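The values are calculated or read from the model by the stated rules, or taken from the named source; none is laboratory data. Computed from a prediction, not measured in an experiment: that's the story for all the values here. No Cβ is skipped: glycine too gets one built from the backbone with ideal geometry, and neighbour counts run over all protein chains shown.
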Amino acid sequence: MLRYTDKIIVDGTEYEADLLKAEEGDRPKLKKLYKAWVQLKMGLNEFESRAPNLPEGISEGAFSLEFECPRVLNVRGTPSSYDCYNPKTNERIQIKATTIRWDLTSFGPTSVWDVIYLLDFYRDGNFDGTYDVYKIPNKLVYNHQVSKTQTFRDQQEQGRRPRFSIKRSIIEAHGIKPTGTYRI
């Protein structure tokens, strides 16, 4: 992992950010962490316990590695609720991941991003380190009906944490295809 400080551009303004970029040499470390997570998940299943969420270090690290977009650790002078940054396009990237058939994804009330991706590690329950990447259109998230009377945007404006299944409610409902399939 390459940790460094660099300038990023957010809404036309330059800020100093602490970034962490996964490199090809980190792939074996990510594989080892992923396998440890799978072992923990399967072990807890034997005890009929809820499986642990996939740590963001694995999902965001995998995205950073494949897309050459560093993870955002800190940005001085502006909120940084996004996960990665694309230095070529100056886009703030939100990463969500699922390891179950139907995710229940939550968002912070102040979450902001330019592009959002879902990394689907479930893939029929194989857990072999392969994952599909879906780019989700922002309008489908912000306008998504999360309750009978409220959209995602409505709940964020009320300071609430919107929750819904991206995979069921957006990807499958709108026939979105993966942008690619990758393997840690």
Original post:
What pairs can you find where one residue is in segment 161-175 and of a type in the set (K, R), the other is surrounded by 14 or more Cβ atoms within 10 Å (Cβ to Cβ) and assigned to a strand (DSSP E or B), and their Cβ atoms are less than 7 Å apart, with a gap of 6+ or different chains?
Top reply: R163/T105; K167/T98; K167/L118; K167/D120
Original post:
Of the residues that make up segment 51-61, is at least one of a type in the set (D, E) and in contact with a Phe, Trp or Tyr (Cβ under 9 Å, 6 or more places away or on another chain)?
Top reply: no
**OP:** Note down all Cβ pairs under 6 Å where the first residue falls in segment 13-38 and is closer than 16 Å to E60 by Cα, the second is among the hydroxyl-bearing types (S, T, Y), and they're at least six residues apart or on different chains.
**Re:** D18/T5; L19/Y4; K21/S64; A22/S64
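Okay, residues lined up against (1) touching a residue at least 24 places away in the same chain (Cβ under 8 Å); (2) more than 14 Å from E56 (Cβ to Cβ); (3) among the aromatic types (F, W, Y); (4) out of contact with any Phe, Trp or Tyr (no Cβ under 9 Å at 6 or more places or on another chain):
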{"site": "Y82", "(1), (2), (3), (4)": "yes, no, yes, no"}
{"site": "N90", "(1), (2), (3), (4)": "yes, yes, no, yes"}
{"site": "T99", "(1), (2), (3), (4)": "yes, no, no, no"}
{"site": "T110", "(1), (2), (3), (4)": "yes, yes, no, yes"}
{"site": "F121", "(1), (2), (3), (4)": "yes, no, yes, no"}
Original post:
Out of all the residues in segment 120-133, is one or more closer than 17 Å to G175 by Cα, among the hydroxyl-bearing types (S, T, Y) and under 13 Å from the mean Cα position of the chain (by Cα)?
Top reply: no
**OP:** Please specify each residue of segment 115-154 satisfying the condition of being out of contact with any strand residue (DSSP E or B) (no Cβ under 7 Å at 6 or more places or on another chain) and either in a loop (DSSP other than H, G, I, E, B) or crowded, with 18+ Cβ neighbours inside 10 Å (or both).
**Re:** N126, F127, D128, P137, S147, K148, T149, Q150, F152
Original post:
Are there any pairs with C-beta distances below 9 angstrom linking a residue in segment 49-62 that is over 18 Å from K32 (Cβ atoms) to a residue that is β-branched (V, I, T) and surrounded by 14 or more Cβ atoms within 10 Å (Cβ to Cβ), with the two at least 6 apart or on different chains, and if so which?
Top reply: A51/T99; A51/I100; N53/T99
**OP:** Select from segment 41-77 the residues that are over 16 Å from the mean Cα position of the chain (by Cα) and surrounded by 13 or more Cβ atoms within 10 Å (Cβ to Cβ) and list them in ascending order.
**Re:** K41, L44, A51, V75
**OP:** Residues being under 21 Å from the mean Cα position of the chain (by Cα) and modelled with pLDDT under 95: count how many of those fall in segment 12-28.
**Re:** 0
Original post:
Quick check, is T78 at pLDDT below 95, touching a helix residue (DSSP H, G or I) at 6+ places or on another chain (Cβ under 6 Å), farther than 16 Å from Y182 by Cβ and hydroxyl-bearing (S, T, Y)?
Top reply: no
